[in-house]
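**Student:** Sharing a structure below in structure tokens format, with a few things to ask.
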């Protein structure tokens, strides 16, 4: 899991992460119908399995299609420990409960702000 100030991240990699350009290849997943623009961010299968064992109801975040940006990303940013993942899960549940075009538009607008500010990147 990437930590703040992680030595493995190069200057170029840091720029790509800060500007979220590293997310662009996921557009192919959207075109294939595997993802949407907005929804809970997908996790690696191994991390998702671990979180499901550690956090009650974690798997329910998968009832909607995952997205490139989501309510948790625009409100919390990158997280690394189980306590923060649980908080992120609450944002995902809020999104699922209040699913609408209106909240999607808010997320899209906030995503632009996040990309321009670099909020939450590691």
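**Student:** Within the range 66-82, can you find the residues that are exposed (fewer than 15 other Cβ atoms within 10 Å of the Cβ) and either in contact (Cβ under 8 Å) with a residue 60 or more places away in the chain or within 27 Å of residue 112 (Cα to Cα) (or both)? Give the steps one after another, and end with the answer.
**Tutor:** Residues of the range 66-82 that are exposed (fewer than 15 other Cβ atoms within 10 Å of the Cβ), as a first pass: 80-82.
Of everything in the range 66-82, those that are exposed (fewer than 15 other Cβ atoms within 10 Å of the Cβ) and either in contact (Cβ under 8 Å) with a residue 60 or more places away in the chain or within 27 Å of residue 112 (Cα to Cα) (or both) turn out to be 80, 81.
**Student:** Let me ask another. Is one or more of the residues making up the range 11-23 on the phi > 0 side of the Ramachandran plot and outside any helix (DSSP H, G or I)? First the steps, then the outcome.
**Tutor:** Step one: of the range 11-23, the residues on the phi > 0 side of the Ramachandran plot are 20.
Next cut, outside any helix (DSSP H, G or I) only: 20.
Yes, that holds for at least one residue.
**Student:** For the range 78-122, enumerate the residues that are outside any helix (DSSP H, G or I) and within 14 Å of residue 39 (Cα to Cα). Before you say what the answer is, go through the steps one by one.
**Tutor:** Pass one, the range 78-122, residues outside any helix (DSSP H, G or I): 78-81, 98-100, 118-122.
Matches in the range 78-122: 98, 99, 100.
**Student:** If you take the residues of the range 1-53 that are within 26 Å of residue 104 (Cα to Cα) and touching a residue at least 60 places away in the same chain (Cβ under 8 Å), which of them is surrounded by the fewest Cβ atoms within 10 Å (Cβ to Cβ)?
**Tutor:** So, considering only residues that are within 26 Å of residue 104 (Cα to Cα) and touching a residue at least 60 places away in the same chain (Cβ under 8 Å), the one surrounded by the fewest Cβ atoms within 10 Å (Cβ to Cβ) is 19.
**Student:** Can you tell me which of (1) over 24 Å from residue 10 (Cβ atoms); (2) in contact with a helix residue (DSSP H, G or I) (Cβ under 6 Å, 6 or more places away or on another chain); (3) at pLDDT 90 or above is the one residue 68 doesn't meet?
**Tutor:** Every condition holds for residue 68 apart from (1).
The values are calculated or read from the model by the stated rules, or taken from the named source; none is laboratory data. Computed from a predicted model, the values in this text were never measured in an experiment. Neighbour counts are summed over all protein chains in view; Cβ atoms, including those assigned to glycine, are modelled from backbone coordinates with ideal geometry.
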